[in-house]
Amino acid sequence: MSTEDYLKDITEIKDMMNKSSRFFSLSGLSGIMAGVYALIGAAVAYYLVSISGRDYLILDGKIFSYILLDLAAVAFLSIITVIFLSTRKAKKNNETLWNGTSRRLLTAFLIPLITGGIYILIKIYSNHYGLTGSLMLIFYGLALVNASKYTIGNVKYLGYIEIVLGLICAIFPGYGFWFWVMGFGVMHIIYGSLIYFTHDR
């Protein structure tokens with residue numbers, strides 16, 4: 001065999017190993033939609049607070065319950081969209097959505113995310129919710145960075161941005177809402193667009 005044949009075989013083996021260890025069926029469009037859902041949810045939350053007559057939330061108040069439902073709706077729609085679009089992309093690429101790689105991806109993503117969610121709930125019910133937006137951004141960013149080794153490599157850069165936004169938000173807690181909008185809304189749309197035009201198409 002010639003040197004070119006050896007190099008071609010090595011490249012093919014490397015590609016096969018890369019495909020077996022990384023999940024490439026994440027859709028950029030799902031990132032865009034998640035960002036849109038976040039912006040709509042933020043607009044609803046802003047409206048709910050504005051009609052409450054105060055610029056803060058009461059933990060056991062009705063508005064607070066509505067905002068929790070609003071956040072849950074954003075999360076639910078985002079998850080459903082990711083599953084639907086990823087399933088469609090996997091079928092298009094003749095891949096299975098649920099395999100060893102996707103399970104490792106989900107595990108790596110959920111461990112920091114669930115840990116952060118529990119910690120945030122503990123802080124909220126201890127009446128320490130001034131840094132909620134900051135903590136959400138930081139733990140979400142950590143989840144993305146942790147999961148990036150099992151999917152498209154540049155997911156980690158979105159994670160880094162979320163972490164940095166969360167840290168800046170901790171310095172300016174009074175602007176937590178706007179940092180949340182930037183991190184979960186605007187950055188998702190920008191990142192999703194980049195993935196869509198560089199990978200999906």
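Quick note: the coordinates plus some simple rules give every number you see, no bench work behind them. Because the structure is predicted, anything quoted here is derived from the model rather than measured. Cβ sites come from the backbone with ideal geometry, for glycine too, and all protein chains shown count toward neighbours.
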Legend entry - Karplus 3J(HN,Hα) series, Hz, for the stretch 65-73 with 6.51 cos²θ - 1.76 cosθ + 1.60 (x for Gly, Pro): 5, 5, 5, 4, 5, 4, 5, 5, 5
Inset, instruction - Find which of Ile124, Asn99, Leu165 sits farthest along the positive direction of the dipole of the stretch 45-199, computed with +1 on the beta-carbon of Lys and Arg, -1 on that of Asp and Glu, about the Cα centre. - result: Asn99
Legend entry - Karplus 3J(HN,Hα) series, Hz, for the stretch 113-119 with 6.51 cos²θ - 1.76 cosθ + 1.60 (x for Gly, Pro): 5, 5, 4, x, x, 5, 4
Legend entry - Stretch gain in nm, segment Tyr175-Thr96, where the contour uses 0.36 nm per residue and the Cα spacing is subtracted: 24.2 nm
Inset, instruction - Using the structure shown, select from Lys89/Lys123; Lys123/Lys149; Lys89/Lys149 the pairs with a Cα to Cα distance greater than 27 angstrom. - result: Lys89/Lys123; Lys123/Lys149
Inset, instruction - Starting from the amide H of Thr151, placed 1.01 Å from N in the peptide plane, find each other amide H under 5 Å away whose residue is 5 or more places distant or on another chain. - result: Phe23
Legend entry - the stretch 136-158 versus the stretch 59-89: alpha-carbon centroid distance in Å: 20 Å
Inset, instruction - Rounding to the nearest 20 debye, state how big the charge dipole of the stretch 102-201 is about its Cα centre with +1 on each Lys and Arg Cβ and -1 on each Asp and Glu Cβ. - result: 280 debye
Legend entry - Projected label distance in nm at Ser65 and Leu167, using a 7 Å step from Cα toward the beta-carbon: 4.0 nm
Legend entry - Dimensions (Å) - the stretch 61-163, Cα atoms, principal axes, largest first: 49, 26, 21
Legend entry - Estimated inter-spin distance, Ser193 and Ala73, nm [label 7 Å along Cα→Cβ]: 2.6 nm
Legend entry - J(HN,Hα) series, the stretch 86-98, from Karplus relation 6.51 cos²θ - 1.76 cosθ + 1.60, nearest Hz, glycine and proline x: 5, 4, 5, 5, 4, 5, 4, 8, 6, 10, 9, 6, 9
